[in-house]
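Here the structure is laid out as structure tokens; the discussion comes afterwards.
The values are calculated or read from the model by the stated rules, or taken from the named source; none is laboratory data. Every value quoted in this text rests on a predicted model; they were computed, and no experiment measured them. We place every Cβ from the backbone using ideal geometry, glycine too, and count neighbours over all the protein chains shown. Note: accessible area is taken over every heavy atom of the protein model, side chains too, but ligands, DNA and RNA are not part of it. Shrake-Rupley method; radii C 1.70, N 1.55, O 1.52, S 1.80 Å.
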Amino acid sequence: MVEQGGQSRRQILKAAVGGAAGIVLGAPVLRLAAAAAQTTSQGADIQRLTDDLFVVRIPGEANVVAQTGAGGALLVDGGSAGASETLMKAVSGLPGGGPVHTIFNTHWHPEQTGSNEPLGKAGRAVIAHENTRLWLTTDITWPWNGRRFKRVSKVAQPNKTFYTTGQLDSGVRYGYIPDAAHTDGDLYVYFPKQNVLAVGDAVSGEGWPVVDYATGGWIGGIVGGLQRLQTLADEETRIVPGRGPVLRLADLKTQYEMYGTIYDRLTQLLNKGRGPGEAVAAQPTKEFDAQMGNPDEFVRRAFESLWAYLSPDA
Ligand SMILES: [Zn+2]
């Protein structure tokens, strides 16, 4: 691990002392406490990956990756609208931190796009896959629970979209994850100097994933995305998912095998003409449940997602 410079260490200590609640001892923090500098700042839990790259966690919010530099900060995801102010304060308090100049939306969900409006108003770059922009211009209702999402204002929409891949002047690379692991607008951001890969909710680092089949996500995409993302990482790469602790290539391999097994079982059930309730009853995730938690919601949603992609009468 690279030793921190004196100044950044002082700034980190200052930030730690300034945090009112002390270190937030969530499970991911406990797991990683020995591996990385951990501190709190402005209501956020900060995990330092390198001198200029951090995972910012606000309790109850999705992971945010922040890169600091002379020109200000770059973010991968922006938390929910309600947490945006807390996030901006935490980012400006990071060692070398400043105002945000660029934000990526890994996908359209409100947990990722809540800072788009203030940043868009300030004229900052808001980068997303074109499908993410399209979902943000559409009213969406999730059929499984009736949750509704209003389209966002023009200024909160991504102002720079792409279809396949792109690169910033700083060398940061980004690309589409076309498998539709979580939505059909998933993107990754790769920081080559730091060897850090941010993947949003295309990979879950904590429990069973959400399969948002209303906007294109499906269980086959989870498997395909895990396979694709392995080709972008090596043994040293730190992989930051949308939720949960930082992962490694070995974790992607393990997940790929697990979701591959589940995918096979669910497609077999579909081919036998079974329904979602029968799929849940068949316990297709049985050997993983002790580690992963109650699978019923996930299995139901994953099974329903197959209808969109595989069912002949869908
Ligand atoms: Zn999501």
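Structural remarks
- Look at (1) in contact with a Ser or Thr (Cβ under 9 Å, 6 or more places away or on another chain); (2) surrounded by fewer than 24 Cβ atoms within 10 Å (Cβ to Cβ); (3) not basic (Lys, Arg) and you find that residue 159 fails only one, number (1).
- Meets criteria (away from the ligand (no atom under 16 Å from the Cβ) and surrounded by 15 or more Cβ atoms within 10 Å (Cβ to Cβ)) for residue 125: yes
- Among (1) away from the ligand (no atom under 13 Å from the Cβ); (2) open to solvent by 20 Å² or more (accessible area, probe 1.4 Å), the one test that residue 147 misses: (1)
- When residue 131 is tested against (1) within 16 Å of the ligand (Cβ to nearest atom); (2) in a loop (DSSP other than H, G, I, E, B); (3) at pLDDT 95 or above, exactly one condition is not met: (2).
- Residue match in region 57-80 (condition: modelled with pLDDT under 95, open to solvent by less than 10 Å² (accessible area, probe 1.4 Å), closer than 24 Å to residue 108 by Cα and among the aliphatic types (A, V, I, L, M)): no
- Selection status of residue 290, closer than 26 Å to residue 200 by Cα and exposed (fewer than 14 other Cβ atoms within 10 Å of the Cβ): yes
- Region 278-306 residues that are under 20 Å from residue 220 (Cβ atoms), paired with ones that are of a type in the set (Lys, Arg) and assigned to a helix (DSSP H, G or I) (beta carbon under 6 Å, 6 or more apart): 280/300; 284/265
- Each residue in region 171-183 was checked for being within 12 Å of the ligand (Cβ to nearest atom) and either open to solvent by 30 Å² or more (accessible area, probe 1.4 Å) or outside any loop (DSSP other than H, G, I, E, B) (or both), and 1 pass.
- Annotation: residue 188 fulfils all but one of (1) buried (at least 17 other Cβ atoms within 10 Å of the Cβ); (2) more than 16 Å from the ligand (Cβ to nearest atom); the unmet one is (2).
- Odd one out for residue 233 among (1) surrounded by fewer than 24 Cβ atoms within 10 Å (Cβ to Cβ); (2) closer than 27 Å to residue 142 by Cα; (3) more than 12 Å from the ligand (Cβ to nearest atom); (4) not polar (S, T, N, Q): (2)
- Those residues of region 246-297 which are of a type in the set (A, V, I, L, M) and not in a helix (DSSP H, G or I), in sequence order: 246, 247, 282
- Conditions (1) open to solvent by less than 20 Å² (accessible area, probe 1.4 Å); (2) within 16 Å of the ligand (Cβ to nearest atom); (3) on the phi < 0 side of the Ramachandran plot; (4) touching a residue at least 60 places away in the same chain (Cβ under 8 Å); number of the one not met by residue 245: (2)
- The sole residue among 119, 168 that is crowded, with 23+ Cβ neighbours inside 10 Å and either closer than 25 Å to residue 48 by Cα or among the basic types (Lys, Arg) (or both) is 119.
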